[in-house]
Every structure is written in structure tokens, then in C-alpha cells.
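Enquirer: Sharing a structure, written as C-alpha cells. Questions coming.
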Amino acid sequence: MTTKTNPAEAVSDYAPGGAPITGRKVLIGMVLFFGVIIAANMTMLNAALSSWGGLVVKNSYVASQNFTNDVSYAAAQPIQSWRVELSQPAGADALTLRMMDEAGAPLTGKTVALAIGRPTHERADRVLTLSETAPGVYAAAETLEPGAWRAEAQVTAGAGERTQRRSLRLTVPRAQ
């Protein structure tokens, strides 16, 4: 005669040990699990909000309407053939813009504004008014932090002349 074994009575090598899983342990595990996820999300949110805002123009539709005119005007500007050099030596407390025409003669009597900022965010953006300190040399008392900067020189000669623009890049070295 064969005897059937009841699965509930099956022999097992399982031996319960340690403390049982209670509701309190499950709650602590869930709180820790979601706490880590929330902390990671908050870190990423903080990094996203403290970096570049992404705004290039306030109204992209209006900007696109003027794009063709702006491109043709920019290509025809005399400033495109000028030699324009933006510099700030390490440790210097002035930002210097040198402007020369095609022949190398200094450009004098210009009104120069310099919109300058970091290429990665808008927090450091500012507009500086440069004054002529020597023939063809325009400067502003401004100390920039080391690193990469983007700038747009806006040059006007006098009343009735359209403002000319030139995009520039500057890398300020670390002071030794």
C-alpha cells in the first residue's frame, strides 16, 4: 500500500531564524527606498534649475520674421572686415577692445557697448559701456572670472548711423 504525503507535511530544510518581517520594518524599508529616489530627484532638479535657462529670444516667431533681413545686414556691415580683438590679461582689472580697419588704422570716435556673458548660462550676462582710452582702444573697468565668455560688440559712430554688431569669444586665464 502506498501512502500519500501531504505537501504541508513535506520535509524541508527551511529553518526560520531571525526576527520576523513586521509592518514597521516594511514601512522603514519603503520610506528609505522612496527617500533615496526623492533625494536623487531633488538633486537633479536643483542642477537643472541652477544651469542655463534655455531662453534665447522672448518671442521666437517675431525673431524669425526678421531673420533674413538681419542676416543680409550683418554680412554687409563694415565691422565684419575690421580687426576686433577683445582681451583681459590675467590679473588685469580692465576689459579691452581694440578696433582697426582693413588697413590696420585705429578706429576712433566710436560709441561701444559690449554685451558679455557666459556661453552656458545667463546669470553673468551684463552690458558694459566702453570708453576710448587710446586711439582704437576701448576699455571698461570690469574684472571677469576665469573661463570662457561670449560677447557682442555694438558699435555706433554717430547719429543716424546704424549700430553694427560683432560676436566675439574670450577666454580669461586663471591668475598664476
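The values are calculated or read from the model by the stated rules, or taken from the named source; none is laboratory data. These numbers were taken from a predicted model, which means no experiment stands behind them. Using ideal geometry, Cβ is built from the backbone for each residue, glycine included, and neighbour counts are taken over all protein chains shown.
Enquirer: Mind counting the residues in segment 14-53 that are part of a helix (DSSP H, G or I), surrounded by fewer than 10 Cβ atoms within 10 Å (Cβ to Cβ) and of a type in the set (S, T, N, Q)?
Expert: Here the count works out to 0.
Enquirer: So, in segment 99-119, of the ones that are of a type outside the set (A, V, I, L, M, F, W, C) and touching a Phe, Trp or Tyr at 6+ places or on another chain (Cβ under 8 Å), which residue ends up nearest to Pro135 (Cα to Cα)?
Expert: Out of the qualifying residues, it is Lys110.
Enquirer: In segment 88-98, is there at least one residue being at pLDDT below 80, under 15 Å from Leu168 (Cβ atoms) and among the aliphatic types (A, V, I, L, M)? Working first, answer last.
Expert: Initial filter on segment 88-98 (at pLDDT below 80): 89-92.
Within this subset, residues satisfying the condition of being under 15 Å from Leu168 (Cβ atoms) are none.
No, segment 88-98 contains no residue that is at pLDDT below 80, under 15 Å from Leu168 (Cβ atoms) and among the aliphatic types (A, V, I, L, M).
Enquirer: Could you run through segment 101-133 and say how many residues are part of a strand (DSSP E or B) and either in contact with a Ser or Thr (Cβ under 9 Å, 6 or more places away or on another chain) or acidic (Asp, Glu) (or both)?
Expert: So the answer is 8.
Enquirer: I would also like to ask the following. Please enumerate the residues belonging to segment 83-125 that are closer than 23 Å to Lys58 by Cβ, in contact (Cβ under 8 Å) with a residue 12 or more places away in the chain and not hydrophobic (A, V, I, L, M, F, W, C). Walk me through how you get there before you give the answer.
Expert: Here is the first cut: in segment 83-125, the residues closer than 23 Å to Lys58 by Cβ are 113-125.
Of the ones still in play, those that are also in contact (Cβ under 8 Å) with a residue 12 or more places away in the chain are 113-122, 124.
Selection gives Gly117, Arg118, Pro119, Thr120, His121, Glu122.
Enquirer: Out of (1) closer than 30 Å to Arg174 by Cβ; (2) modelled with pLDDT of 80 or more; (3) not charged (D, E, K, R), the odd one out for Ile38 is which?
Expert: Going through (1) closer than 30 Å to Arg174 by Cβ; (2) modelled with pLDDT of 80 or more; (3) not charged (D, E, K, R) one by one, Ile38 breaks only (1).
Enquirer: To continue, here is another question. Examine segment 116-129 for a residue that is in contact with a helix residue (DSSP H, G or I) (Cβ under 9 Å, 6 or more places away or on another chain), within 26 Å of Asp101 (Cα to Cα) and not β-branched (Val, Ile, Thr), and state whether such a residue exists.
Expert: no
Enquirer: Determine whether Tyr73 is out of contact with any strand residue (DSSP E or B) (no Cβ under 8 Å at 6 or more places or on another chain), in a helix (DSSP H, G or I) and modelled with pLDDT under 85. Reasoning before the result, please.
Expert: Details: out of contact with any strand residue (DSSP E or B) (no Cβ under 8 Å at 6 or more places or on another chain): yes; in a helix (DSSP H, G or I): yes; modelled with pLDDT under 85: yes.
When the stated conditions are applied, Tyr73 passes them.
Enquirer: Quick one: in segment 115-137, which of the residues that are closer than 26 Å to Ser50 by Cβ and of a type in the set (A, V, I, L, M) is farthest from the chain's Cα centre (by Cα)?
Expert: Taking segment 115-137 and keeping what is closer than 26 Å to Ser50 by Cβ, we get 115-128.
Narrowing the set further to residues that are of a type in the set (A, V, I, L, M) leaves 115-116, 124, 127-128.
Numbers: Ala115: 15, Ile116: 12, Ala124: 9, Val127: 17, Leu128: 19 Å.
Taking the candidates together, the pick is Leu128.
Enquirer: Hey, another quick one. Only one of (1) under 14 Å from the mean Cα position of the chain (by Cα); (2) more than 17 Å from Val84 (Cβ to Cβ) fails for Trp149. Which number is that?
Expert: Here Trp149 clears every test but (2).
Enquirer: Hey, another quick one. Looking only at residues in segment 126-157 that are hydroxyl-bearing (Ser, Thr, Tyr) and without any contact (Cβ under 8 Å) to a residue 40 or more places away in the chain, which one is nearest to Leu170 (Cα to Cα)? Even if it seems obvious, please write down each step before you answer.
Expert: From segment 126-157, those hydroxyl-bearing (Ser, Thr, Tyr) are 129, 131, 133, 138, 143, 156; that's our starting set.
The next check asks that each one be without any contact (Cβ under 8 Å) to a residue 40 or more places away in the chain; those that pass are 129, 131, 133.
Details: Thr129: 17, Ser131: 19, Thr133: 20 Å.
This residue is Thr129.
Enquirer: On to the next question. For Leu168, state whether it is surrounded by 11 or more Cβ atoms within 10 Å (Cβ to Cβ), modelled with pLDDT of 85 or more and within 23 Å of the chain's Cα centre (by Cα).
Expert: When the stated conditions are applied, Leu168 passes them.
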